[in-house]
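Nothing in this text is a laboratory measurement; each read-out follows from the coordinates by a stated rule. As the structure is a prediction and not an experimental result, all values here were calculated from the model. Cβ sites come from the backbone with ideal geometry, for glycine too, and all protein chains shown count toward neighbours.
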Amino acid sequence: MLNAFLFQVRRLRVSGSARVEVCPPAVLSSVDPLWSRLLRWLSAPAPWQTDVVPAASRRLQRTRDDFVACLKDIETPQAGLLADRVRTARSPRELWHLRSAVFQLVSLHHSQREALHRMERLNRHFPTRAPKSGFGALDA
């Protein structure tokens with residue numbers, strides 16, 4: 001009985017308007033230990049020895065392309081400047097900080113609903129975290 005109730009609560013939270021927090025990308029990946037990342041860096045081929053574009057670079061370019069696509073139907077000097085800033089961004093973290101400028105520009109030229117829709121497309125490029133449960137600490 002209790003399990004069925006908890007399942008329903010979880011289902012309502014997931015299907016409801018539970019807010020998912022979009023976080024900035026980490027500066028350094030904490031997934032692998034430092035020694036592992038150092039060994040991978042030391043054993044990587046030199047840039048002139050490989051013609052393959054790294055996956056991180058391709059991912060960054062796709063993220064840039066999505067940001068520019070969100071701005072392509074807005075033909076103002078501000079949109080042009082913002083698109084230039086997006087094209088010159090060197091990391092996903094820089095792009096994460098430009099999300100608010102994209103949201104503001106789109107909401108001014110279209111609507112807040114359209115800006116939220118475009119933000120959903122951009123947010124898929126960044127890590128998310130579930131909201132806090134709202135339950136306080138239990139007293140022992």
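With r defined as the distance between the Cβ atoms of residue 40 and residue 100 and R0 fixed at 30 Å, what FRET efficiency is calculated, to the nearest 0.05?
The computed FRET efficiency comes out at 0.30.
Here the residues 128, 63, ranked from fewest to most Cβ neighbours within 10 Å of their Cβ, fall in the order 128, 63.
Counting neighbouring Cβ atoms within 10 Å and putting the fewest first, the residues 37, 64 line up as 37, 64. Relative contact order for segment 54-125: 34 percent, from Cα pairs under 8 Å spaced at least 6 residues apart, divided by residue count. The modelled label-to-label distance for the pair residue 90/residue 129, using points 7 Å beyond Cα in the direction of Cβ, is 2.6 nm. Here the spin labels are modelled as points 7 Å beyond Cα on the Cα-Cβ line, and at residue 76 and residue 110 they lie 1.4 nm apart.
The charge dipole of segment 54-125, taken about its Cα centre with unit charges on the Cβ atoms of Lys, Arg (+1), Asp and Glu (-1) only, comes to about 380 debye.
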